[in-house]
Amino acid sequence: MERVVVTGMGVASPLGCNLDEFWSGLTGARSGVIALTGEDYADLPTRIGGVVNSYKESDYFDRKELRRTSRTSQLAVVAASQAIAQANLQQSAVDATEVGVIIGSSIGGYTASDPLFRDYYLHGKTSAMVIPVSMNMGPSAAVSIRYQFQGPLMNVDAACASAGHAIGHVYHLIRAGVLDIAVTGGADSAFSRGLVMAWSVMRALSERNDDPAHACRPFSADRDGLVLGEGAGVLVIESESSALRRGQPILAEIKGYGATSDSYHLTQPTRQGPVHAMQKALKDSGLQLDQIDYINAHGTGTDWNDRNETAAIKESFGELAYGIPVVSNKSALGHSIAASGGLEMVSCILTLRDQIVPPTINYTTPDPECDLDYVTEGLRPMKVDNIMTNSFAFGGSNAVLIVGKYQ
């Protein structure tokens, strides 16, 4: 079986639209969550979010492209352009017919269609672009068309676990020798009036409107819900033999993947599904429990998730769980749904590069049921060889990936 390696990364995030800004924000304990402005949000219970606002549309798209490209697809292209450049896919001798594009996206189609359908129901007007702009396939298609990659093209929609499963699916294809190279990860945007309101009435969101930067408080006893975000985390993943043949520097190795279902409830997680996913990823990687140096948590800041994930980690790792740093990047980024696992994978690879674990920010009050080491004191320099990253979704879909130093 082929070894599976990462050769390129890119981000579009609330902390910045390049790797340096993104990583500086995470390690510097800075929040990207801000107030949502504009009439659409003025009367909503929740008026905060992790918004990407540091790129110029005109740098990437002409006016015709913008009319045909959803916000989610735009973010995917912004992140993919960085990953493709770093991996040297456009300049080196790569057969474009063998490069796949498999990107996770889940809620962005709803966001894109919300104003379009509002025009129809209120004013009787519609557009031929409703379907192509709002389809969840849009981000993958936009990247494939722009760069003329003609390998397997698909979207993975598993809600908040979409990017994790997209990366995992690519990992299986490359390891089995079916595919040499793919652009993968996740992209999503949750910001339209209807979507924010829908999340709010589900009582899933924090309503700390007067304090956006400190609203998302994973594992803290005073947490009161997740904060919606948007973004894209995109990677170029390829077989070791392909990377070596191209002379491309290898950033990290994907070592294991576990996928399970809770088979329990649409919105409330169980402990056993995540436990099985972590166990499967470990078995797939061939690593032992004591070889996992850091866990990048799903860590949404909701009561259900944080207690459940903590319990699942303790069941999976036993007493070792208390010695493993567990961090939620969502405390700084918000929850970008399908994009979260992609952004978090990029964060993990930057940890491997710099041997620094970023903090979980906004932790103020210990919770007896969340009693692990959440790295709340600020960034932590430490030796890190292997990282587990968790993505758990509504519907009960669980994706766990293990990424490590390439040696």
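The values are calculated or read from the model by the stated rules, or taken from the named source; none is laboratory data. Because the structure is a prediction, the values reported are computed rather than measured. Methodologically, a virtual Cβ is constructed for each residue, glycine included, from the backbone with ideal geometry; neighbour enumeration extends over all protein chains shown.
Key figures for this structure:
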quantity	calculated
Where a residue in the range 241-252 is surrounded by 16 or more Cβ atoms within 10 Å (Cβ to Cβ) and its partner, wherever it lies, is assigned to a helix (DSSP H, G or I) and of a type in the set (K, R), with Cβ under 9 Å and at least six apart	L251/R353; A252/R353
Hey, P358 on the phi < 0 side of the Ramachandran plot and surrounded by fewer than 23 Cβ atoms within 10 Å (Cβ to Cβ) or not	no
V346 vs. criteria under 19 Å from R223 (Cα atoms) and either of a type in the set (V, I, T) or buried (at least 24 other Cβ atoms within 10 Å of the Cβ) (or both)	no
Residue ID - nearest to V327 (Cα to Cα), chosen from residues in the range 220-244 that are out of contact with any Asp or Glu (no Cβ under 6 Å at 6 or more places or on another chain) and of a type in the set (S, T, N, Q)	S220
The range 336-384, subset polar (S, T, N, Q) and more than 23 Å from the chain's Cα centre (by Cα), residue farthest from C17 (Cα to Cα)	T365
Residue among I387, I361 that is touching a residue at least 60 places away in the same chain (Cβ under 8 Å), under 22 Å from E315 (Cβ atoms) and touching a helix residue (DSSP H, G or I) at 6+ places or on another chain (Cβ under 7 Å)	I387
Identity of the residue in the range 121-162, small (G, A, S), surrounded by 19 or more Cβ atoms within 10 Å (Cβ to Cβ) and farther than 14 Å from S73 by Cα, that ends up farthest from the chain's Cα centre (by Cα)	G151
Search result, residues across the range 118-133 that are out of contact with any Ser or Thr (no Cβ under 8 Å at 6 or more places or on another chain) and in a helix (DSSP H, G or I)	R118, Y121, L122, H123, I131, P132
S263 hydroxyl-bearing (S, T, Y) and in the same structural domain as D119 (by TED's automatic domain parsing)	no
Residues within the range 46-87 that are modelled with pLDDT under 95 and more than 21 Å from I131 (Cβ to Cβ), tallied	9
Complete set of residues in the range 336-392 that are polar (S, T, N, Q) and not in a strand (DSSP E or B)	S336, S340, S347, T351, Q355, T360, N362, T364, T365, T376
Residue match in the range 318-329 (condition: in contact with a Gly (Cβ under 9 Å, 6 or more places away or on another chain), crowded, with 21+ Cβ neighbours inside 10 Å and either assigned to a helix (DSSP H, G or I) or among the acidic types (D, E) (or both))	no
Residue, farthest from Q74 (Cα to Cα), within the range 39-63, restricted to residues that are among the hydroxyl-bearing types (S, T, Y) and in contact with a strand residue (DSSP E or B) (Cβ under 6 Å, 6 or more places away or on another chain)	T46
Pairs, first closer than 16 Å to L235 by Cβ in the range 183-200, second of a type outside the set (D, E) and surrounded by fewer than 21 Cβ atoms within 10 Å (Cβ to Cβ), C-beta under 6 Å, six or more apart	none
Selection from the range 256-284 of residues that are assigned to a loop (DSSP other than H, G, I, E, B) and without any contact (Cβ under 8 Å) to a residue 40 or more places away in the chain	Q268
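Each row is one residue, and each column tells you yes or no for (1) aromatic (F, W, Y); (2) closer than 17 Å to H335 by Cα; (3) within 21 Å of the chain's Cα centre (by Cα).
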site	(1), (2), (3)
G186	no, yes, yes
A190	no, yes, yes
S206	no, yes, yes
D210	no, no, no
V227	no, yes, yes
E230	no, yes, yes
V236	no, no, yes
P249	no, no, no
Y264	yes, no, no
